[in-house]
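Structure first, then comments.
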Amino acid sequence: MANLNIDSRKERTFDAIVIGSGMSGGWAAKEFTEKGLKTLVLERGREVKHLQDYPTTNLQPYELEHRGKVKQKIREDNPVVARCYAFREDTQHFFVKDQEHPYVQEEPFDWIRGYQTGGKSLLWARQVQRWSDYDFEGPDRDGFVVDWPIRYKDLAPWYSHVEKFVGVSGNKDGLDNLPDGEFLPPMELTAVEQYFKNHIAEKYDDRSIIIGRCAHITGNFEYYAKQGRGGCQHRNLCQRGCPFGGYFSSNSSTLPWAEKTGNLTMRHHSVVESIIYDEKKGKATGVRVIDANTKEAVEYYAKVIFVNASALNTNLILLNSTSDRFPEGLGNDNGLLGKYVAFHNYRARISGEYDGLLEYRTEGRRPNGGYIPRFRNVRRQETDFLRGYAAGFSGFRKIHTDHSGVGEELKNQLLNPEYGPWRVGSHMMGETIPKESNYVNLDPEQKDEWGIPLLNVSVKYDDNDEAMIKDYLEQLTEMFESAGFTNISVRDDHRVPGLDIHEMGGVRMGKEPETSLLNKWNQLHACPNVYVTDGACMTSTSTQNPSLTYMAFAARSANHAVDELKKMNL
Amino acid sequence: MNRRTVLKQLAVMTGGMVLVPSCDFSRNDILSAYDQLKVTQGEVNILAKLCETIIPSGEAIKGADDLHIKDFVLVMMNDCYSKDDQMAFTKGLKNFNTFTRSVSGKSFEDMDKDESKELVLKVLNKDIDTSKFENNEEYTMEDINSFVNRTKQLTVQGFMASEYIMTGIMPYQLVPGGFSGKVKIKEGEKVNVNG
Ligand SMILES: Cc1cc2nc3c(=O)[nH]c(=O)nc-3n(C[C@H](O)[C@H](O)[C@H](O)COP(=O)(O)OP(=O)(O)OC[C@H]3O[C@@H](n4cnc5c(N)ncnc54)[C@H](O)[C@@H]3O)c2cc1C
């Protein structure tokens, strides 16, 4: 019996544990296994294997029973996830339904989640931009929150490392506020986007329009064939899972790569309840897992633990990891764990029409869009609000079909549509300021099926966000008008925080243990063999789509942990 | 890498994949829609006639009857609309014959092609003398409007998003292979909404 226990404990002991198999966890797993560490990835959701488990991937539009629409009953029962634009008939199986995993909304918050192999990396819109020092220096220059403990130069090589492997299509634009990366050939702007780009370049010296930088393979095909991935075929059905591996997901890329090393163990249906802290050793020794199906508890052990459960779930796990040493949650000596949560403000959009270039159209589909890098308050404070916004920008030929009448006339109209003007549109992606009053914590009473406290979310907009919305709409209206766009209409959809799916913070990085949770290597100040390299680590949010930065942090920290283990420092 | 190698490589990558068979909405879902919306065969015939009035079948191009659009309308109504929308729709459907009798003296099912077209146009154009059925308690003009307009919307959708249109008439490419942002439109070129 005694021996059995020892054997069993041995079988449950690894060099490294990674919690979560999503975008950031996949990267930690890849780096660890490549460096020879026996690595356990714990994933609470079911297994989704690349290619095999994409049931809708090859369906024609007319093979979807409801032509893409989700059933009314499902939408009514799950209002939060139903508000996500990507939650459709052909993708719904990759999203968490509200009813399956409840949480508490002290303030309204749309928490969009994917619990399965790959997490939300199957579902993302694949936009990837680097931060620059204008972003990292923001908090210090503008005097909000604490200073980032790193600068661009610390992350730049890791951006390159990640970009090369995932495959990023983009144009070298030479902008100091949005550094270039390791790019595969860019996708094309449409005729009207190119026109707007030229116009804005002439009219403004601080603004530019570029083609989006997106995690799609558009070149260097032999290199990606080694991952079993092929070039993007422009299906623009990415969220179904790509049969070509044309875009990056953990499922198609990092996880199979890690598996090939022979050093990866993946366990699905494994809900991490907490991290185990050993007071005598002064470090974490493992994690406590609840089997999602049997509800049995099991412990796993490792020298180093990476928390990559996605920003808010990472907060939850740490808050729930209490011990005599850390009664308020692991590493939470200063009481700041769960606080300074922030997100991106996506509330406003603008649309219009352009009557020129009518001799042109587009052809094929483009799983990408145009992008307007932040131009407000970049080099100095110039407005009455802090920070700024980036924006999407796209323009396509409108196709006009006359739907009036019935009978032969209607049928004839439907079969003979005409090109209308170009339709142009933009949406904002605003930086929000992290505040102590925007937080998550554990509900004192309610628990989920696995006995884990429900997460309570309390995150709100503030006056700075309102001022930014106003400025975005004013500036974009001016830019649209000056380009000769007509029928301009603006909209604030008043969506609640969360639907941006860029929730960040709660376990922020910083220089001082008194005012932050993580050091410059993403280690908990108070428990250095636990690293947090997902969105929870973000000190501020800037305006870039964040996942590239999470992946760069994950890769950088994993390599740091490998070095520290060698030096016997962990 | 040349095109042949790309294709070979893609064949390897997708080779192991389980291809989901093409699934038109199954018989069961249609029956369950009949069932839950509580529509009789007679009412289904009225709906079919309305669909066919909206997009008639023809020699050259198929229409609502050929493409079983009524089944699409019923499945969509059953699965994708709120209880209120469903109520208005079924009320309009169930009373449609009575309604047409009171405004034009003829049941919808007995109308010929021109008569049914004229009637439907009148409803769509809000050109109905509602005083003729003011005192009935079974249905309102809103129910009729809701039924006719929703049926029209779904008939158009079902037609345009049918396999027939999306393969033969306005082909949709599942794998376009590329994207061009600026292509000159040729003289007399046909516009393809799925292009
Ligand atoms: C529709 C959509 C569009 C998006 N577009 C973009 C974009 O264009 N650009 C961009 O940068 N970002 C985008 N995002 C956001 C992006 O998907 C996330 O930032 C990214 O996936 C976060 O990576 P992660 O590893 O932190 O979390 P995830 O990828 O969500 O992975 C977390 C994993 O942890 C698992 N997990 C959670 N709790 C536990 C637990 N207790 N125990 C065990 N496992 C657990 C989950 O099941 C999940 O698999 C988008 C997201 C969506 C949904």
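The values are calculated or read from the model by the stated rules, or taken from the named source; none is laboratory data. Computed from a prediction, not measured in an experiment: that's the story for all the values here. Cβ sites come from the backbone with ideal geometry, for glycine too, and all protein chains shown count toward neighbours. Ligands, DNA and RNA are excluded from the accessible area calculation, which covers all protein heavy atoms including side chains. Shrake-Rupley method; radii C 1.70, N 1.55, O 1.52, S 1.80 Å.
In this label model, B:V193 and A:E418 are separated by 1.6 nm, measuring between points 7 Å along each Cα→Cβ vector. What the Cβ-Cβ distance of A:E11 and A:Q52 gives, at R0 = 25 Å and to the nearest 0.05, is a FRET efficiency of 0.35.
Derived scalar couplings between HN and Hα for region A:303-317 equal 7, 9, 10, 10, 9, 9, 8, 5, 2, 6, 5, 5, 4, 4, 4 Hz in order, rounded to whole Hz, by the Karplus curve 6.51 cos²θ - 1.76 cosθ + 1.60 (θ = phi - 60°), x for Gly and Pro.
With all protein chains kept in place, the per residue accessible area of region B:26-169 amounts to 47 square angstrom at a probe of 1.4 angstrom. Ordering B:T155, A:S252, A:I211 by the projection of their Cα atoms onto the charge dipole of the protein assembly as shown, which places +1 on the Cβ of Lys and Arg and -1 on the Cβ of Asp and Glu, puts A:S252 at the extreme positive end. Name all residues of region A:420-442 having a backbone nitrogen under 12 Å from the label point set 7 Å from the Cα of A:D462 along its Cα→Cβ direction, giving them as ranges. Hits in region A:420-442 for A:D462 at 12 Å: A:432-439. Considering chain A, its Cα convex hull presents a mean projected area of 27.4 nm².
Derived scalar couplings between HN and Hα for region A:231-247 equal x, 5, 9, 6, 5, 6, 10, 3, 5, 7, x, 9, x, 9, x, x, 10 Hz in order, rounded to whole Hz, by the Karplus curve 6.51 cos²θ - 1.76 cosθ + 1.60 (θ = phi - 60°), x for Gly and Pro.
Scanning chain B for GluC sites (Glu not before Pro) in DSSP loops with at most 12 neighbouring Cβ atoms within 10 Å leaves B:60-133 as the longest stretch between them.
Placing a pseudo-label 7 Å from each Cα along the Cα-to-Cβ vector at A:D492 and A:K71 gives an inter-label distance of 3.9 nm.
In region B:26-169, carbon and sulfur make up what percent of the accessible area (probe 1.4 Å)? Walk me through the numbers on the way to the answer.
Working: 3120 of 6840 Å².
Carbon and sulfur together cover 46 percent of it.
Can you pull the percent of Cα pairs in region A:269-373 with separation above 17 Å? List each step's numbers first, then the result.
Values: 3768 of 5460 pairs.
When all Cα pairs of region A:269-373 are counted, 69 percent exceed 17 Å.
Cα convex hull of region B:26-169: mean projected area in nm², to one decimal?
8.7
Listed by chain and number, the lysines whose alpha-carbon sits under 27 Å from that of A:K164, ignoring those within fewer than 8 places in the same chain, are A:K30, A:K35, A:K38, A:K49, A:K120, A:K153, A:K172, A:K226, A:K260, A:K520, A:K566, B:K8. At a probe radius of 1.4 angstrom, the accessible area of region A:355-501 per residue rounds to 41 square angstrom. When the accessible areas of A alone and B alone are added and the area of the pair subtracted, with a 1.4 Å probe, the result is around 5800 Å², both sides summed.
Global size of region A:412-454: 24.9, 64 Å for Rg and Dmax (C-alpha atoms, Rg to one decimal, Dmax whole). Here chain A is scanned for GluC sites (Glu not before Pro) in DSSP loops (not H, G, I, E, B) that have at most 12 other Cβ atoms within 10 Å, and the longest stretch holding none of them is A:1-278. Going by accessible surface with a 1.4 Å probe and the largest first, A:K30, A:K49 read A:K49, A:K30.
Rolling a 1.4 Å probe over the protein chains gives A:W422 an accessible area of about 0 Å².
Across q = 0.16 Å⁻¹, region A:395-544 modelled as identical point scatterers on its alpha-carbon atoms has Debye log10 I(q)/I(0) values of -1.01, in the order of the q list.
Residues whose amide H falls under 5 Å from that of A:I276, counting only those 5 or more places apart or on a different chain, are A:T285, A:G286, A:V287, A:R288, with hydrogens built in the peptide plane.
Inverting the pair-averaged 1/r between distinct Cα atoms of region A:455-536 gives 16.3 Å as its Kirkwood hydrodynamic radius.
In order along region A:126-143, phi translates into HN-Hα couplings of 6, 7, 9, 10, 6, 7, 10, 5, 4, 7, 5, 7, x, x, 5, 5, 8, x Hz, rounded to whole numbers, per the Karplus curve 6.51 cos²θ - 1.76 cosθ + 1.60 with θ = phi - 60° and x for Gly and Pro.
With Kirkwood's inverse mean 1/r over C-alpha pairs for Rh, give me the Rg to Rh ratio of region A:291-333, two decimals please.
Values: Rg = 12.0 Å, Rh = 12.0 Å.
That ratio equals 1.00.
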